[in-house]
Amino acid sequence: MISVTRAQELAGDLLAEALPRRWAHSGGVGRKAESLAHLVGDDADLLVCAAWLHDIGYAPKLVDTGLHALDGARYLRDVEHADPRLCALVAYHSCAHIEARNRDLGDKLTAEFEPVGGLLADALIYCDMTTTPTGEPVSVEQRLSEIHSRYGPGDVVTESITEASSHIVDAVQRIDNLLVR
């Protein structure tokens, strides 16, 4: 298992210089995961590692398929020899299976990685989709709007996030409900 410290270092090595804004987002997502990791019990470190590493597939040296979730998960599996559940969390984070299907990569994603669902997947969605590109907290509605604005109409990311929106909002609500208890 990759440690939280190693996950932070790896994400920094891959993103900090090449993509500082993406690095800021990953840091915000990682810190948010640390603050709510208690919700997932024994999977706390797994959640935090996935949060720090979820966007490493954007790193220029990792880009292969154009689907950052798949590229990042493959790197974790093939180079870092990471735990299969960590790879799967990265591969499927924030409904990436929808974008994979829309990029004609769905069969590759499902053949290579087993989805992780439930509370762990919801918690990662929450952390990612309530954090701005610069690492600040934001409502899920504002985050979805920002993604639409950034990519624009007709883009595969816009179409995919639109399709995933109700699932994302529901996942965030489930975590919000646990946090107020």
* To do: Give me the pairs, please: first residue somewhere in region 72-93 and more than 18 Å from Val48 (Cβ to Cβ), second residue anywhere and modelled with pLDDT of 95 or more and open to solvent by less than 10 Å² (accessible area, probe 1.4 Å), beta-carbon distance under 6 Å, and either six or more positions apart or on two chains.
  => Arg77/Cys87
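Residue by residue, here is whether (1) β-branched (Val, Ile, Thr); (2) open to solvent by 10 Å² or more (accessible area, probe 1.4 Å); (3) under 13 Å from the mean Cα position of the chain (by Cα) holds:
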residue	(1), (2), (3)
Thr5	yes, yes, no
Asp13	no, yes, no
Glu17	no, yes, no
Pro20	no, yes, no
Ala24	no, yes, no
Leu39	no, yes, no
Ala44	no, yes, no
Ile56	yes, no, yes
* **Residue identified as touching a Gly at 6+ places or on another chain (Cβ under 9 Å) and not aliphatic (A, V, I, L, M) among Arg74, Arg101** => Arg74
* To do: Under 7 Å between Cβ atoms, at least 6 apart or on separate chains: pull out the pairs that start in region 43-61 with a residue that is free of Cβ contacts under 8 Å to residues at least 12 places away in the same chain and end on any residue that is surrounded by fewer than 24 Cβ atoms within 10 Å (Cβ to Cβ).
  => Ala44/Ala37; Ala44/His38
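Looking only at region 99-138, count how many residues are of a type in the set (A, V, I, L, M), farther than 23 Å from Thr65 by Cβ and surrounded by fewer than 23 Cβ atoms within 10 Å (Cβ to Cβ).
3
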* Restricting the first residue to region 135-149 and requiring it to be β-branched (Val, Ile, Thr), which pairs with a second residue that is assigned to a loop (DSSP other than H, G, I, E, B) and modelled with pLDDT of 95 or more meet a Cβ separation below 8 Å and a spacing of at least six or different chains? -> Val138/Thr130; Val138/Thr132; Val140/Thr130
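The values are calculated or read from the model by the stated rules, or taken from the named source; none is laboratory data. Just so it is clear, the model here is predicted, and its values are computed rather than measured. Every residue, glycine among them, receives a Cβ derived from its backbone with ideal geometry; neighbour counts consider all protein chains shown. In case anyone asks, the SASA skips ligands and DNA or RNA and just uses the protein heavy atoms, side chains included. Shrake-Rupley method; radii C 1.70, N 1.55, O 1.52, S 1.80 Å.
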